[in-house]
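So the structure is just underneath, and the comments pick up after that.
The values are calculated or read from the model by the stated rules, or taken from the named source; none is laboratory data. Worth saying up front: this structure is predicted, and the values here are computed from it rather than measured. Because the Cβ atoms are built from the backbone with ideal geometry, glycine has one as well, and the counts that use them run over all protein chains shown. The accessibility values were calculated without ligands, DNA or RNA, using every heavy atom of the protein model including side chains. Shrake-Rupley method; radii C 1.70, N 1.55, O 1.52, S 1.80 Å.
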Amino acid sequence: MAECSLCPNEVKARIEELKTVRNRQKSQLKTGYHKIFIDRVWERMHGPSLTDDDTDDDDANNFAPRVPAMTYARKSIPSHLSSISALAQDADRASTSDLTYFTMLQIEPYKTVGQSVSSENDENSREIGFPGVCCKFCMKSPKGRKFFTTSSEHLGDLLLTISNHMEICKECPATVQSQLIRYKTSHNAQLQQLKEGEHDACMKRVWKRLIVLNRARDQRGAKPAAKRNAPIQYKTVDPSTPIQYKTVDPNTQLATPDVESLVTPFTFFTMKQVRPCNLDNSGNGSRSTFDFGFPGLECLHCAGQANSRRFFYRTAEILGGNYAHIPNHLLACSACPPEIKTALKEKKEAHLTLKHTLPKGSQKAFFSSVWKRLHQSNTSSER
């Protein structure tokens, strides 16, 4: 909208005004509320995934904002699908949604131990030491999905991602996939019917079980992490003892000439417009899954202002896949010079074409370089 020639100036001005308080307001929302809102918008666009048992549900009641939802009875889980899980227990059933509980029955604890950075499976190589889970249906496949979590709050959102994976997993039985689709129709409404904090308490219990199971695996003789070529662990496994991060140097050059040829001019130019920063407790750019002090990126142009735009990424792979937020901000940033915006637009036009001419893996190497420079001051203290 910031670039739209037909968008009224008063709308653009109002959007810029609201941007200045967005991060603070978002940090004050109850856990999961923002996602529930997005899910409601999505289902209004696409309609709920109804099955034969759900065709009489009233969409307006299911997704009406801030209005108590319809009373959803707990659906029974077929006995042949309710296998025993080390993470989910019977007592958890009433403390979360059918979708969350059923998804927990379909996963197994997982923990990386000494994988190489050069591993072709990024999911396996990026989070050594983190508690993780894997889809029990494709876990033995070389490309089986593994998921890594950093806190009980993150675990709740991660389970939704896992359920989405299982719907398209080639190894997942059709009976399990149909149950997941069925439970999704009542997921948000069931969460709203729980007592305040009940779902969060359930996720904390599951998170603790996951940590215990990972530690038990270590004690049974899991191989120690490789000393060479091992990714750095940037987040503590124990949520009660947060890592103390060193203050980064904002003058550190993240995108250097020696790696410029690894990406398109658009990508390189974008990364030249940010500088290192640390996550503080101001509510600006904070994420519940990051410790205070975690290194991130800050817009070079609005840096120093009360509401400067910051970006935080868990891994180099996530940074490489989600950096588009940065140029989107630059084009709307009131502090960004017009000539920078013009150059960014020009380089973006050629980006898609040039991207396909790059050698395979070159962009990944570029963002790995950026990531190492961003986190280099914390390498020794976090191992």
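Miscellaneous remarks
Listed here are the residues, each with its yes/no results for (1) modelled with pLDDT of 90 or more; (2) open to solvent by 50 Å² or more (accessible area, probe 1.4 Å).
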residue: Phe268; (1), (2): yes, no
residue: Lys272; (1), (2): yes, yes
residue: Ala306; (1), (2): no, yes
residue: Arg314; (1), (2): no, no
residue: Gly321; (1), (2): no, yes
residue: Pro359; (1), (2): yes, yes
residue: Ser381; (1), (2): no, yes
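- Residues of the stretch 179-205 classified as open to solvent by 30 Å² or more (accessible area, probe 1.4 Å), of a type in the set (Gly, Ala, Ser) and not in a helix (DSSP H, G or I), total: 1
- Neighbours by Cβ (under 8 Å, 6+ apart or cross-chain): first from the stretch 345-373, under 18 Å from Gln273 (Cβ atoms) and hydrophobic (A, V, I, L, M, F, W, C); second modelled with pLDDT of 90 or more and surrounded by fewer than 17 Cβ atoms within 10 Å (Cβ to Cβ): Ala350/Pro265
- Among the residues making up the stretch 71-92, those that are at pLDDT 65 or above and buried (at least 18 other Cβ atoms within 10 Å of the Cβ) are Leu87, Ala88, Asp92.
- Selection status of Thr241, open to solvent by 50 Å² or more (accessible area, probe 1.4 Å), at pLDDT below 85 and not in a helix (DSSP H, G or I): yes
- Matching residues, the stretch 166-178, being assigned to a helix (DSSP H, G or I) and buried (at least 18 other Cβ atoms within 10 Å of the Cβ): Met166, Val176
- Under the condition of being in contact with a strand residue (DSSP E or B) (Cβ under 7 Å, 6 or more places away or on another chain), more than 17 Å from Glu171 (Cβ to Cβ) and modelled with pLDDT of 55 or more, the residues counted in the stretch 119-145 number 2.
- Test result for Thr353, at pLDDT below 90, polar (S, T, N, Q) and open to solvent by less than 30 Å² (accessible area, probe 1.4 Å): no
- Criterion violated by Glu346 - all others in (1) in contact with a Leu (Cβ under 9 Å, 6 or more places away or on another chain); (2) open to solvent by 20 Å² or more (accessible area, probe 1.4 Å); (3) modelled with pLDDT of 90 or more satisfied: (1)
- Any hit, the stretch 292-304, residues being modelled with pLDDT of 90 or more, open to solvent by less than 70 Å² (accessible area, probe 1.4 Å) and of a type in the set (Asp, Glu): yes
- Contacts under 9 angstrom Cβ, first residue in the stretch 21-41 being more than 17 Å from Leu191 (Cα to Cα) and open to solvent by 100 Å² or more (accessible area, probe 1.4 Å), partner modelled with pLDDT under 80 and not polar (S, T, N, Q), 6 or more apart: Arg24/Gly283; Gln28/Gly283
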